[in-house]
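Worksheet for the structure shown next.
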Amino acid sequence: MAEPLLLEVKDLNIEFHDHLIPETVVYDFDLELKAGEIVGLVGESGSGKSMSALAIAGLLSRRDMHKRGQILFDGLDLLTCERSKLRKIQGNEISMIFQEPMTSLNPVKRIGWQIEESLRIHTELNKEERYQKAIEMMKEVELPDPERLYRQYPHELSGGMRQRVMIAAAMICNPRILIADEPTTALDVTIQAQIVELLKRMNREKQTSILFISHDLSLVKQLCERVLVMKGGYIVETGPTQEVFAHPEEEYTQRLIAAIPKVERNGK
Amino acid sequence: MKYVVRKILTMILTLLAVTFFVFLSFHVISGDPATSMLGTEATPQKVAALREELGLNDPVFVQYGRWAAGLLHGDMGTSYSYRMPVTGMVANKIPVTITLTLMAFVLMVVISIPLGIYTAKHEGGVVDRIIYIINQIIMAIPPFFSGILITLIFGRIFKLFTPGGYVSYEKDFAGFIGYLFFPAVAIALPKAAMAVKLLRSSVIKEAKLDYVRTAYSRGNRTNDVLYKHVLKNALIPVVTFLGMALADMIAGSIIIEQVFSIPGLGRILLTSISNRDYPVVMAVIVCIAVLVLVVNMAVDLIYGLIDPRITAE
Amino acid sequence: MKNVKKNYNLILGGAITAVMLLLILTGFFWTPYDPEIMEAVNKFAGISLAHPLGCDNFGRDILSRVMKGAGTTFLVALGTVLIGTVFGVLIGAFTGYFGGTIDEILMRIIDAVFAFPSILLALVFISLLGTGTYQVVIALGIAFIPSFSRIVRSEFLKYKNMDYVKNARLQGASHLRIMFVHILPNTVSVLLSSIMIGFNNAVLAEAGMSFLGIGVQPPAPSLGRMLSEAQSFLFRVPNYALGPGCAIILMVLGFSLLSDGLKKE
């Protein structure tokens, strides 16, 4: 019995329209995401992976970016639906975390306030209930001393902790999809592993689907069940992670894999 | 807390340094105060006697100390020209200047904040472009000229106020405020124009930062992002500017007082400069300096309230 | 390929500035009439072909006076900016580059001075030095030093740790050489924008001080002073104020549009 698709992206084309000549950055992008799946999106800088992710999250400006195709979530086309419907989904059903936790958090707002934000927008919970949920969420992402952290500001935390805060904020409404755009790139290697473990746990415990974007293939290998390889705006290869890594069909994929430091490649 | 204490200490130290500098400068330049005071009655004996009486033979530091101590007690010395206590001459001018400056400040804030936000939000739109042109023109008009124009247009043509008809706050407070309104506008306009420009570019810059994207990703509306996230950050450089503007406006009121015949600190400063009545000059400068320093300190404190990164040790 | 939009700021600002400069430069050598000739018969003459801006209360041609007065204002502003820039750069460069206790002390002093509106400082200096054109230049110049030195200082702080500076040190370049040959050229664009803003402020400040009567002294024409005289006759002859007022506005406007336009490039 085929599982229903949570997210179906068909023929997504993204064009930049803020220059004189339109520039296409994503061509014919297709993606299928089931509930509880972890899918990886890999490629070098400029391959179009972040753009595709931002499009799915509804974060691309409708003015400067012309998008063709469909992004179907629960039967709703996120590219053409009313803004209000899109907003109801953002932070609630589809959440996103970004690469730079320092700049992705508001420097003048307290941590607790930022973690609760999606609750404030999407639920009717009162102050006390939100507080409880936030503390609970902070414990789930393994943040130490949550009560104290709640009142602190982003600049008082380390990079790894900030990223955990981002994850807590993104997960607090229990979204069905979490889009993670290079969440570990700006972090230390040891912290990277922890964050990946955390994401794995979230997926296991809450059945959250994860779209994991990275140029770090070793991490993708650890985390993702399926992988899409992008180059120059196109998907060049796709399939279950094991297969793609073991028998890469495209030359580009082969080169990418070959570029992983030997230890990591053979270690797993 | 440490931040607050630090700022207060800085203010006090700066005040000491400034008053000393002012005192020293005038001490050096002013020649013999005794001779000035006695004027035509100056004979060597009288001068010597007066010098003794005024303690002018003591070392500079002692004289400064005496003057400064006097200031703290509200005694600003004696005017050369009028032989009266300066305090009496100056005291009733202070509320006038403060009121004028405060009104100008309030006008500036009330005009510029909404306009700055609006033009940032509708960047590139018709209103934005028009405001840009108006801003550029206003910033090029010296306040005293706009004062003159205002006098002409609103005073003479529309007859909304009587040019030169200053109303004392003791006699009629409402009339006092009413008369000060147009001068306050003249002072506020150029600063408001600058504030609009600054706030606009600050908001536009902030809106491009990463945390804004995060805010949208949580489902915020544009207005929510603007007011709950961006504004607080965008106001930070504006607060600094507003503080400087307030200090500038205190100085600007000096000129405007001339245009509208307002008996404030500015007027008395100017007359005493031309009369070489140094005790009065010093006293007024100290008054203005105190006001400026207090304003600066207030700005620093507000700054510390808004931006938590500043007070981090 | 980016859209090449017309830089209206540059065009308009350039045009206005060019016109004003032309008037000013011409005014140094020739004016339609002698600015100081008083002809009672022309008293308060209105706008006419012979006298495009009319005549003042002494029968002097306003246009000629405006041209000369604008020239004075221009020179004063220039002098002010010169003093402010030269000393500002020197102080800023040394404190930014060397740092240390001297930096701490100097910056505290500078900050204290900076806290005061330039008009106030100028007034203090004027009351010490007396009134007159040179005094105004010195007073305003000193009042402008703090803002320039701060900007230069922060630029030097930024650049002094850059690699090419360290390289130059290793190659044995003296501090002075590094400061002025290597670092300073990089700060020029930031400095230029501050200079232009400073120039405008100086124009306005000079006008203000002349207006108060403590700037340029009569009978030398000065825009501020003309406005102050115009004020007394405002209701009888409102166009008296127009000439000098517009001159100031156009000078400042032209320059600020120009600097905005240049910034976009």
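Throughout, read-outs are computed from the coordinates displayed, never taken from laboratory work. Note that the structure is predicted; figures quoted are calculated from it, not measured. All Cβ positions, glycine included, derive from the backbone under ideal geometry; neighbour counts span all protein chains shown.
General observations
- If only the Cβ of Lys and Arg carry +1 and only the Cβ of Asp and Glu carry -1, the dipole of segment B:2-88 around its Cα centre is close to 520 debye.
- Prolate/oblate/rounded call for segment C:33-164, Cα gyration tensor, a/c under 1.5 rounded: prolate
- Top positive-direction residue, dipole computed over the protein assembly as shown with Cβ charges, set C:N239, B:S25, B:A140: C:N239
- Projection of the Cα convex hull of segment B:2-88, averaged over all directions and equal to a quarter of that hull's surface, yields 6.7 nm².
- Loop-located trypsin sites (Lys or Arg not before Pro) in segment A:92-156, at most 15 other Cβ atoms within 10 Å (DSSP): A:R151
- Counting only Cα atoms, segment A:90-164 measures 31, 26, 23 Å along its principal axes, largest extent leading.
- Remark: mean inter-chain Cβ contacts per residue of B:145-154 equal 4, using a 10 Å Cβ-Cβ cutoff to other protein chain atoms.
- Between helix C:62-98 and chain C: long-axis angle, C-alpha atoms, 0 to 90°, nearest 10: 10 degrees
- Residue-averaged beta-carbon neighbours from other chains (10 angstrom radius) around A:225-232: 0
- Note on A:K127/A:R151: beta-carbon distance plugged into 1/(1 + (r/R0)^6) with R0 of 22 Å gives a FRET efficiency of 0.95.
- Note on chain A: with a GNM built from Cα contacts shorter than 10 Å, the maximum mean-square fluctuation among A:D181, A:D145, A:D28 falls on A:D145.
- Shown is the FRET efficiency for C:N167 and C:I11, computed with R0 = 56 Å from the Cβ-Cβ distance and rounded to the nearest 0.05: 0.85.
- Between A:V26 and A:I14, the built amide H atoms are under 5 Å apart, and every one of these is 5 or more places off in sequence or on another chain.
- DSSP bridge pairs, the protein assembly as shown: antiparallel proportion in percent, nearest 5: 60 percent
- Take the Cα of A:H66, go 7 Å toward its beta carbon, and the backbone nitrogen atoms of segment A:14-49 under 18 Å from that spot belong to A:14-29.
- Sorting A:157-168, B:227-238 by their mean Cβ neighbour count within 10 Å, with the most densely packed peptide first, gives A:157-168, B:227-238.
- Shape category assigned to chain A from the gyration tensor of Cα positions, a/c cut at 1.5: oblate
- Chain A: most fluctuating residue of A:S84, A:S104, A:S61 per GNM, C-alpha cutoff 10 Å: A:S84
- Segment B:41-111-segment A:171-238 distance, computed between alpha-carbon centres (Å): 72 Å
- Restraint check, A:K139/A:K200; C:K6/C:K68; A:K85/A:K206, Cα-Cα greater than 26 Å: C:K6/C:K68
- Antiparallel bridges, percent of DSSP beta bridges restricted to chain A (to nearest 5): 55 percent
- Remark on A:L41: its backbone amide H falls under 5 Å from those of A:F212, A:I213, A:S214, A:L228, a criterion applied only to residues 5 or more positions apart or on other chains, H modelled at 1.01 Å from N.
- Where the Cα pairs of the protein assembly as shown fall when distances are cut into 20 Å bins, in %: 13, 36, 31, 17, 4, 0
- Most fluctuating residue given options B:S261, B:S81, B:S274, as computed from a GNM of chain B linking Cα atoms under 10 Å: B:S274
- The C-alpha atoms of chain B define a longest principal axis, and helix B:231-260 lies at about 40 degrees to it.
- Listed residue pairs exceeding 23 Å between alpha carbons, taken from B:K2/B:K205; A:K10/A:K34; A:K67/C:K263; B:K191/C:K158; A:K88/B:K197: B:K2/B:K205; A:K67/C:K263; B:K191/C:K158; A:K88/B:K197
- Value of [θ]222 nm, deg cm²/dmol, for chain C, DSSP H segments ≥ 4, -39500 (n - 2.57) each, nearest 500: -24500 deg cm²/dmol
- Spatially proximal aspartates and glutamates relative to B:K232 (Cα-Cα < 20 Å; intrachain offsets below 8 disregarded): A:E116, A:E117, A:E156, B:E123, B:E206, B:D210, B:D224, B:D300, B:D307
- Theoretical gain in end-to-end length, B:L301 to B:T240 [0.36 nm per residue, Cα-Cα removed]: 20.9 nm
- Helix C:8-29 and the longest principal axis of the Cα set of chain C meet at an angle near 60°.
- Placing +1 on the Cβ of every Lys and Arg and -1 on the Cβ of every Asp and Glu, with nothing else charged, gives chain C a dipole about its Cα centre of roughly 800 debye.
- The alpha carbon centroids of segment C:116-162 and segment A:93-113 are separated by 43 Å.
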